[in-house]
């Protein structure tokens, strides 16, 4: 079994990110692949800052850089959030496996499952997570489903592309994890 971990995106990752985004298996599903390295730095560089509302990470598989994953409050995209019916407690997430040799091994589902548990639902107030892969991206849709997401609806994104919106609700903490005071109040 492979070990999946995450490392915060750093400015030193821009070259890897740029090269991954140019690979056909990634660019095929990316809205507008970057034309230049400068475009990648302009878009993803701010995500390396601690105060960025987009939490961006490099996916590590057995310690090796394998891809990119991010989450963000859906309130950053109010029109889209309203269109699909997300409330303030909803987070969005995206990812890709950049290393083609690692595609098709089930790593996407494992990365999604671990990331949602360790990062997305660890944030205060997050009650649900959504993802919107392109309707034609069956591998991505299947990875989200294997990680527990359910097909929720079909929507058009800001570029007019059809997305299969998948959703996962946060699991309530077990009563034993809430502590004795909560149990006494029941």
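The values are calculated or read from the model by the stated rules, or taken from the named source; none is laboratory data. All figures in this text were calculated on a predicted structure; none of them were measured in a lab. We place every Cβ from the backbone using ideal geometry, glycine too, and count neighbours over all the protein chains shown.
Remarks
- Among the candidates 154, 130, 182, residue that is modelled with pLDDT of 95 or more and either more than 16 Å from residue 30 (Cβ to Cβ) or under 16 Å from the mean Cα position of the chain (by Cα) (or both): 130
- Matching entry among 126, 130, 154, 119 (being more than 19 Å from residue 21 (Cβ to Cβ) and in a helix (DSSP H, G or I)): 119
- All conditions but one from (1) assigned to a helix (DSSP H, G or I); (2) at pLDDT below 90 apply to residue 136; the one that does not is (1).
- Long-range neighbours under 6 Å by Cβ, at least six apart or interchain, first residue at positive phi within region 50-73, second surrounded by fewer than 18 Cβ atoms within 10 Å (Cβ to Cβ) and not in a strand (DSSP E or B): 62/2; 62/3
- Of the criteria (1) assigned to a helix (DSSP H, G or I); (2) over 14 Å from residue 53 (Cα atoms); (3) within 12 Å of the chain's Cα centre (by Cα), which one residue 96 fails: (1)
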